[in-house]
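Engineer: This structure is in structure tokens; I'll ask about it shortly.
The values are calculated or read from the model by the stated rules, or taken from the named source; none is laboratory data. Note that the coordinates shown come from a computational prediction; the quantities given were computed from them, not determined experimentally. Cβ sites come from the backbone with ideal geometry, for glycine too, and all protein chains shown count toward neighbours. Accessible surface is based on the protein model in full, side chains and every heavy atom, while ligands, DNA and RNA are left aside. Shrake-Rupley method; radii C 1.70, N 1.55, O 1.52, S 1.80 Å.
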Amino acid sequence: KESILSIYPYVDKIIVFWTNKPWGKTNSVLYEGKLVYFPKKFDSILEKIEELNLEKIELIKAHTESPYNQLSVFTNDILLPNFDKPDIILYPEVDHVFHSENIENMLDIVKSKKSTCFRTRQVELWRTLGYRIPERPQRLGTVIWNMKGLNYLPKTGTQADDLNKKNIVTLDNHFIHNCGFCVSEKVMLWKHLTAIAFSTDVGDCEPNISWY
């Protein structure tokens with residue numbers, strides 16, 4: 001909800017792509033010697049979004065087996081054929097929250113540049129809003145595409161990032177707050193278990209099993 005509200009005044013439309021199925025082809029994971037099956041419904045995120053009752057939001061159920069190129073598939077197969085082509089698309093993750101001054105200035109810069117793919121820096125918060133992880137420069141933050149000269153989104157990585165990293169412009173003075181670690185113990189456990197389960201299927205490194 002915080003992520004949506006932080007961008008709501010600055011966009012014409014918010015498309016929330018959702019699924020109850022993790023990436024990969026698994027429905028369970030072996031954890032601490034026990035086989036844990038994933039629920040058909042992990043949380044009440046859809047109800048929380050609907051409670052906002054905001055007219056710009058549209059919920060669309062969609063799924064791919066891998067995070068790689070996922071957002072290009074959603075953009076090219078669902079968004080562009082069914083909605084007016086936007087000049088700019090923001091691709092925040094569900095835990096990215098913008099400060100108003102950051103997003104206002106950032107959008108002005110994106111509009112003024114000829115480049116097509118941009119990224120913000122990020123402040124990764126740790127468990128509460130009072131602590132942060134030292135900045136990891138390789139972490140993308142939110143990715144933004146200027147679509148004015150494009151008819152489709154090229155093949156991308158896991159966060160809508162241009163596969164040719166040299167084409168990504170880093171907005172050095174603009175950042176988002178990443179609240180991915182500021183969740184309940186229950187939510188973090190499901191994030192941990194699903195990551196263990198699908199890591200092999202999507203070609204990712206297996207998380208440290210004992211991290212949680």
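Engineer: Return yes when N151 is of a type in the set (S, T, N, Q), at negative phi and not in a helix (DSSP H, G or I) and no when it is not.
Structural biologist: Yes.
Engineer: K165 fails exactly one of the following numbered conditions: (1) more than 22 Å from H63 (Cβ to Cβ); (2) touching a helix residue (DSSP H, G or I) at 6+ places or on another chain (Cβ under 9 Å). What is the number of that condition?
Structural biologist: Going through (1) more than 22 Å from H63 (Cβ to Cβ); (2) touching a helix residue (DSSP H, G or I) at 6+ places or on another chain (Cβ under 9 Å) one by one, K165 breaks only (2).
Engineer: Name every residue in the range 129-156 that is within 13 Å of the chain's Cα centre (by Cα) and open to solvent by 80 Å² or more (accessible area, probe 1.4 Å), in order of residue number.
Structural biologist: R139
Engineer: Condition check: surrounded by 15 or more Cβ atoms within 10 Å (Cβ to Cβ) and either closer than 18 Å to H174 by Cα or without any contact (Cβ under 8 Å) to a residue 60 or more places away in the chain (or both). Does F42 satisfy that?
Structural biologist: Numbers: surrounded by 15 or more Cβ atoms within 10 Å (Cβ to Cβ): yes; either closer than 18 Å to H174 by Cα or without any contact (Cβ under 8 Å) to a residue 60 or more places away in the chain (or both): no.
So F42 fails the test.
Engineer: Test L140 against the stated conditions and say whether it is under 21 Å from W23 (Cβ atoms), in contact with a Lys or Arg (Cβ under 7 Å, 6 or more places away or on another chain) and among the hydrophobic types (A, V, I, L, M, F, W, C).
Structural biologist: Criteria met by L140.
Engineer: Let me ask something else. Is it true that E185 is closer than 29 Å to S44 by Cβ and free of Cβ contacts under 8 Å to residues at least 24 places away in the same chain?
Structural biologist: It is true that E185 is closer than 29 Å to S44 by Cβ and free of Cβ contacts under 8 Å to residues at least 24 places away in the same chain.
Engineer: Anything in the range 192-206 that is out of contact with any Pro (no Cβ under 8 Å at 6 or more places or on another chain), at pLDDT below 95 and surrounded by 15 or more Cβ atoms within 10 Å (Cβ to Cβ)? List them, or say none.
Structural biologist: Selection gives D204 alone.
Engineer: Listed residues V36, V73; which is in contact (Cβ under 8 Å) with a residue 40 or more places away in the chain and open to solvent by less than 90 Å² (accessible area, probe 1.4 Å)?
Structural biologist: None of the other options fit; the residue is V36.
For (1) in a helix (DSSP H, G or I); (2) over 17 Å from the mean Cα position of the chain (by Cα); (3) under 30 Å from L80 (Cβ atoms); (4) charged (D, E, K, R), each residue gets a yes or a no:
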position	(1), (2), (3), (4)
T158	no, no, yes, no
I176	no, no, yes, no
V187	yes, no, no, no
L193	yes, yes, no, no
T200	no, yes, no, no
S210	no, yes, no, no
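Engineer: Okay, moving on. Would you mind finding the one in N178, N167 that is in contact with a His (Cβ under 8 Å, 6 or more places away or on another chain) and either in contact (Cβ under 8 Å) with a residue 24 or more places away in the chain or open to solvent by 30 Å² or more (accessible area, probe 1.4 Å) (or both)?
Structural biologist: Working: N167 fails: in contact with a His (Cβ under 8 Å, 6 or more places away or on another chain).
None of the other options fit; the residue is N178.
Engineer: Could you tell me whether the range 93-103 includes any residue that is loosely packed, with under 13 Cβ neighbours inside 10 Å and closer than 11 Å to H174 by Cβ?
Structural biologist: yes
Engineer: Would you please name the residue that is farthest from D84 (Cα to Cα), looking only at residues in the range 1-29 that are assigned to a loop (DSSP other than H, G, I, E, B) and either hydrophobic (A, V, I, L, M, F, W, C) or free of Cβ contacts under 8 Å to residues at least 24 places away in the same chain (or both)?
Structural biologist: Restricting to residues being assigned to a loop (DSSP other than H, G, I, E, B) and either hydrophobic (A, V, I, L, M, F, W, C) or free of Cβ contacts under 8 Å to residues at least 24 places away in the same chain (or both), the top hit is N27.
Engineer: Would you mind finding the one in I4, I15 that is open to solvent by less than 80 Å² (accessible area, probe 1.4 Å) and either over 24 Å from E185 (Cβ atoms) or touching a helix residue (DSSP H, G or I) at 6+ places or on another chain (Cβ under 6 Å) (or both)?
Structural biologist: One residue alone meets the criteria, I15.
Engineer: What do you reckon, is F83 touching a residue at least 12 places away in the same chain (Cβ under 8 Å), within 19 Å of V11 (Cβ to Cβ) and open to solvent by 40 Å² or more (accessible area, probe 1.4 Å)?
Structural biologist: Numbers: touching a residue at least 12 places away in the same chain (Cβ under 8 Å): yes; within 19 Å of V11 (Cβ to Cβ): yes; open to solvent by 40 Å² or more (accessible area, probe 1.4 Å): yes.
So F83 fits the description; yes.
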